[in-house]
Structures are given as structure tokens and as C-alpha cells.
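Nothing in this text is a laboratory measurement; each read-out follows from the coordinates by a stated rule. Just so you know, these numbers come straight off a predicted model, no measurement behind them. No Cβ is skipped: glycine too gets one built from the backbone with ideal geometry, and neighbour counts run over all protein chains shown.
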Amino acid sequence: MSTPPLATNARESTQHVVATVFRDEWGRIVAALIHRTGDWDLAEECAQDAFTQALAHWPSDGVPPRPGAWLMTVARNRAIDRLRHGSVRAAKLRQIAALAPSGATGPDEEAGVTDQLFPSEDSAVPDERLRLIFTCCHPAMGMEARVALTLRTLAGLTTAEIARAFLVPETTMSKRLVRAKQKIAHAGIPYRVPPVSALPQRTSGVLAVLYLLFNEGYSASAGTELVRKSLCDDAVMLAGVLTKLMPEEPEVKGLLALMMFHRSRQAARVDEQGDLVTLDAQDRAQWDQAAIEQAKQVLDEAWAKNNPGPYQLQAAIAGCHALAPQAEVTDWPRIAKLYDQLLEMTGSPVVELNRAVAVAMADGPAVGLALVNELEASGALQNYYLLAATRADLLRRLGQRAEAAAAYREALALVATGPEQRFLAARLAEVTR
Amino acid sequence: MVDVRQTATTPDLDHEMGQTWQHDASLTAWLEETIPSGVNLQGSRLRPSSDATTVRSRQGELIVTDGPFAETKEQVAGYDVLECPDMDEAVRWASKHPTLLAGAIEVRPLLDSPPPMPLPEQKEGTLRYMMLVCLGEDFQMSPQDQSEIGLGTDAWVKEMDGRGARVFGSRIEGPDRARTVRRNGTDLLVTDGPFAETKEQVAGFDVLECTDLDEALEVAANHPMAKFGLLELRPFWRPEEP
């Protein structure tokens, strides 16, 4: 029983429904069509056609009870149509027959082949998105290509939108997408979920792409394109989809929780001038408590697997901050312990620096300073302004103003103009008063 | 009889230009001159470097990157294995290749046996890849390394031949034994040395036959040189493709 057509706002409210359905179904439809036809461009075009049809018919016919299935049917019929009327029909049908899932024999009967290719029941449309996301994120492709392809096929951004999000001309992005698909076809990148042996490495590859997407959006300064800032939402959406498709993998949940914790602070992060507000100075009343609660639940589910990983640890650290009602009651000793684990796992000097900061908060600036000096001596973070800035901050807290000033100057030499520069300049002024 | 290898190198050709090359009458003419006479044992055009994938293994971790082993202006576009009495003869054949209109040809002697003739038919449902084994110029090999690599490579060849994943391959002489042929108008220029002075140089090659890139990556990762050098996987240009 479908919704009766609405009188005045039919088109608008339908558009709203279509937009929601689009977000939920685009990737699913594209993934299924790529699986069945092996043709990425055809898949995108037929998916697009289906949504156009929805916008054309739903205002008058009403929104169908199972919108996803309706769209999938329209999209696949379109694909069959185009394949039937394509120029290299015979060869294409042989190719399709080769791709048909259930051992189809002989491409002679067109109808027979396409029926086997597209089973008639609408209800059981398997979710092929896992294949798609692993293929998009294959390490044989450059990072830029992986990101662009993921956004196009799984999040349904248009080429123009992706171009704006990454601040490049549309023609550049268009070429990037074309090249990526060509590489997949010509280099023989298989369209599948990797075998179990390769899964851990390939999964962290996928998570790296999603986290990069998130950070692109998260670090977008005020006044940039909305589509760039909404990359956060795309990343969170995709990570959410991945948790459903890979429920046994705790790192996926870890990443989702991490992103959700970060995003919960969105409203408090930036002041009127567009400068970043540090964690300790943020107005915690502006933090999204519902999002924090959700993130905590996701993280708890991950921890329950008893298989910690870098994203889970980072999420736990973010969680410590998110769950402290005031900065003063932050559980720094716990954070320091989490950084210990993270450092052991990754060996990253940036993690080592963050750990020193946490230790300084837990055990006092002198202890933290000793760790920072060790890190400095190792030469691992040369020209990394945060190393000098951290040292400066600790020296300042210890009352060693002259040394602090020298360190602030060092940090300023490494940083361009902008919010960081303003912040450090202000601190330098403080210690040289 | 000296077996030499000819590497056709051209500026990275666009898709459209590649189409022109495929149907170029002069290329057909060159092939007609060299194949029936037994000079040209085997060869193929390769996909452009944008379709290449490079793999190496460092500290037990497999690193896969998009692109060729070196970002040079000129990129390998194809290869032929020639059988000639000496280098001069090979250079003479190279000088007639139409690639010289747009690029260069590097000629280097093979160190190992020539390909089986005829080459086995490509298996249904597989892709062929050129695997370039590349090593840093300044690479210092201890006698122990040399032995490890030697034995490891023999074992790798045996395994991959047995699996049908390797069609044939060979080490090639070092860049100091290379000769590069170019054309400047009507003038022929033959210089000593490789076509590009890259940090890494090709030390050998293998033609792989695999179901997909993942299998090719696995085969390449198992090669002992993956630990010391770089392996580039370049798909063959399939005749039915535009």
C-alpha cells in the first residue's frame, strides 16, 4: 500500500524522501550493478537513471513501500536494456554470461541470460558494497584515486562535488576517476572482498581512506565549501555501513567511534574569528551528548571483542575527553596509559609526543619535558612545529620563561600564518612580558 | 649466438596515440621483417605506466604503490627479445623500429636462456604482466646476499614455472652494457648506457601469467629481489582492447 499523493508539497517532500533514500541506496545499487555487469560507468549511469525516474514518478504515484527495491529494479532493467542495445552486443553478452553468478550456459538466448543475470525477485538484493569498497581502496591505486572512487560510487557524490570538496577543477577530478577505472580494468584489479589472509592489511587500507576523508572534512576551515565540510558525514556514513558489513572487525567500530567522538565537538571547536579552540577551552555545553553516548556504545562493542587496535585506542582516548564534564576532571593517567599502548602498537613519534603531553598532565610538566627532550634527541620529529610548541608549553608551565620564549620562536619559524601562528605569537608575548 | 633484449621506450603515450601505434603500418613492417626470419623471438606492447603497480617488501611488510618504479619522462612501452650474433646487429634492428619517431630503444644482452619457442598459448581467463626487477645502482651485494638471492631466485622460478604463473624471464646485463638508440631527424644516435639515468635500473624481467593483479602481486612479493629492490608489474596491451 503506497502513500497517497500529497496535494501541495508533493514534489518537495518527495525530494526529501529521495535524498534520504539516495544516501542509503546509491552505493548498494551501484555495487550490485558493477558485480553483475562488470561495467562501472554503466552501473553509475543506470543508478542515476533510476533516481531520476523516482523524482519524476513518486510525486504523482507516491513513494513505493520498498523504495530501495523499486530503484534496484528500475536500475537493472535499464542496464539490461542498454546491454541489449549496445553496439558489441554479442561479445558483451558472452562477457555477461561469463560474469553470470549461477553457471549460466550459452549466451544464445538473450532473455535466458539476462534472467539468470538478474534474478526476478526484488526482495533479496544482496549487499555487494563490501566488494566495492575493497576494490575502490585497492593499494595498487593512488590514494587520491581511492578517495575519489569511494566518494563517487559509495557516497554518490557527483564529480563536480568531489572536485569542489578537494579544491581541484572538475576536469582534473573527472580524469582522475576515468584513470582509476581504467587502472582497475587494465591492470586486472579483481572486484571482490580479499581472501582471509589479506584481509587485515586490506581492511586497514580501507579504514585509512575513510579516516582521510573524515580529516579532510574535519580540518576544513570556516567559510569553505559545504561539500568539503560534509565529507565528515560521508566518512561517518561509510564507516557505519562498514560496521554492518564487517560486524566481527573491532577496528572498524573503533574508527567509527573515533570519528563520532571528534564530530560531537563540532559546535565548540571554532570561535567567531574562525580560530581553533583548544580542548581545554571549549564550551562543553556545546558538545553533542547524544552523539557521545552513541560513540561510547560503538566503542564498548569494539572493546568487547578483546582485540585492541590503533583506532580503538585512539577512540578510547577521544572518549576520555568526551566523557569528562569539565577539562579539569579529565582522566589523564588513563589517557597516558592508552598512549603507552598506542605507542607500542604503532611506534609513531607523533604518538610519542602526544603521550608526553598526556604524561605531563598526569604527572606534571617536568616528567613530560623529560620525555619530550628524549624525543627531540632522537631526531624523529625534525621541523615538526608541535614538538617545539609542546616543549615551549611545558617550559612555560615550569616557569622557565626564557627557555620557553626560545622554544616558541623555534615553533613560530616552522609555522605559516594562520590560527596556529596567532596562538603561538600570543603565548610568546605572555612569556616575554 | 648472443641473445639480446630490446626495450622500446617512448614518452608515455595517450590512449589515442596508442591506438595509432597498434595499427601503424611501419610497426607491422618491422615485425614482418624480424619474426619470420627468427630474429624476433618474442615481444609485446605494454599498457602505459599509469596502469603500472610497483611492489617491494621492507622489514617484512609488503608495500604496494600505484605507478612505475621510476617517474621518468620516458617510460617503457614495449619489449622484444631478439636473437642476434652480436650487439651491433641488435642495434641495427633497433634502429629500424618505428618507436624511434617518438622515443628511444634500449638494447641489453640477456644473461639467461632465451624464451621457449613457441611461447605457450595464454591460458583462458588470465592476464599477462611484464615484471621488471629493479635494483638500486648503489646496491651492495655481499657474497652471502648473492648466494641467498641466487638460490631464492632458482626456487622462485621453479615454483612459478610449476604453477604456470611464469612464462619465461631472464636476468639482463647491467646498464653499463646497455646501448640506447635514438633518432634525430635522419640522424641515428647510438649511445652507451640506459635510456634514463634512474636511481634504480632494470636487472631482469619475467613474463607472468595470472588470474588477476592480486595473484601477480603475490607472485612478485615472493621473489627474493622484493626485499632488496623494486618490482614493477606492467600489464600487457591486449590485442582486442582499443
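Just name one of A:Ala187, A:Ala148, A:Gln201: the one whose Cα is farthest towards the positive end of the charge dipole of the range A:141-224 (beta-carbon charges, Lys/Arg +1, Asp/Glu -1). The listed residue farthest towards the positive side: A:Ala187. The phi-based Karplus calculation (6.51 cos²θ - 1.76 cosθ + 1.60; θ = phi - 60°) puts the 3J(HN,Hα) values of the range B:67-80 at x, x, 6, 9, 8, 9, 4, 9, 10, 4, 10, x, 8, 9 Hz, whole numbers, x for Gly and Pro.
Within the shell defined by Cβ-Cβ distances under 9 Å, the residues around B:Leu230 carry a net charge of -1, with Lys and Arg each +1 and Asp and Glu each -1. Along the axis of the charge dipole computed for chain A (Cβ charges of +1 for Lys and Arg, -1 for Asp and Glu, origin at the Cα centre), the listed residues A:Ala370, A:Leu387, A:Gly399 are led at the positive end by A:Leu387.
Here's the picture: a label point sits 7 Å out from the Cα of A:Glu225 along the beta-carbon direction, and within the range A:173-194 the residues with their amide nitrogen under 20 Å of it are A:173-181. Can you tell which of B:Arg183, B:Arg47, B:Arg128 shows the greatest fluctuation in a Gaussian network model of chain B with Cα springs below 10 Å? Fluctuation is largest for B:Arg183.
For B:Thr211, the amide hydrogen comes within under 5 Å of the amide hydrogens of B:Leu127, counting only partners 5 or more places away or on other chains and with H modelled in the peptide plane. In this Cβ point-charge picture (+1 for Lys and Arg, -1 for Asp and Glu), the range A:383-433 has a dipole of about 160 debye about its Cα centre. Annotation: aspartates and glutamates with alpha-carbon distance below 13 angstrom to A:Lys253 (same-chain offsets under eight excluded): A:Asp300, A:Glu301.
Per residue of B:61-70, what is the mean number of Cβ atoms on other protein chains within 10 angstrom of that residue's Cβ?
3
Packing order of peptides A:74-82, A:326-334, highest average first: A:74-82, A:326-334 (average count of other Cβ atoms within 10 Å over each peptide's residues). Phi angles of the range A:247-263 translate, via the Karplus equation with coefficients 6.51, -1.76, 1.60 and θ = phi - 60°, into HN-Hα couplings of x, 8, 9, x, 5, 5, 5, x, 5, 4, 4, 4, 5, 5, 4, 4, 5 Hz per residue; Gly and Pro are given as x. Taking a straight line from the alpha carbon of B:Lys227, these lysines sit under 18 Å away, with near neighbours fewer than eight places off in the same chain left out: B:Lys199. Assuming charge only on the beta carbon of Lys and Arg (+1) and of Asp and Glu (-1), the dipole of the protein assembly as shown about its Cα centre is about 1300 debye to the nearest 20. From the alpha carbon centroid of the range A:224-289 to that of the range A:141-217 is 21 Å. Residue by residue along B:45-52, Cβ atoms of other protein chains within 10 Å of the local Cβ number 3 on average.
Ranked from highest to lowest mean number of other Cβ atoms within 10 Å per residue, what is the order of the peptides A:149-158, A:175-184?
Descending mean neighbour count gives A:149-158, A:175-184.
Think of each Lys and Arg Cβ as +1 and each Asp and Glu Cβ as -1; about the Cα centre, that makes the dipole of chain B roughly 180 debye. Backbone phi angles across the range A:65-71, fed through the Karplus curve with coefficients 6.51, -1.76 and 1.60 (θ = phi - 60°), yield HN-Hα couplings of x, 10, x, x, 5, 4, 5 Hz in residue order; Gly and Pro are listed as x. Mean per-residue shielding of peptide A:139-148 is 4, counting Cβ atoms of other chains within 10 Å of each Cβ.
Rounded to the nearest 500, the helix-only mean residue ellipticity at 222 nm of the protein assembly as shown stands at -16500 deg cm²/dmol, with each DSSP H run of n ≥ 4 adding -39,500 (n - 2.57). Considering only B:Gly125, B:Thr65, B:Leu188, the residue lying farthest towards the positive end of the dipole of chain B is B:Leu188, judged by Cα position with unit charges set on Cβ.
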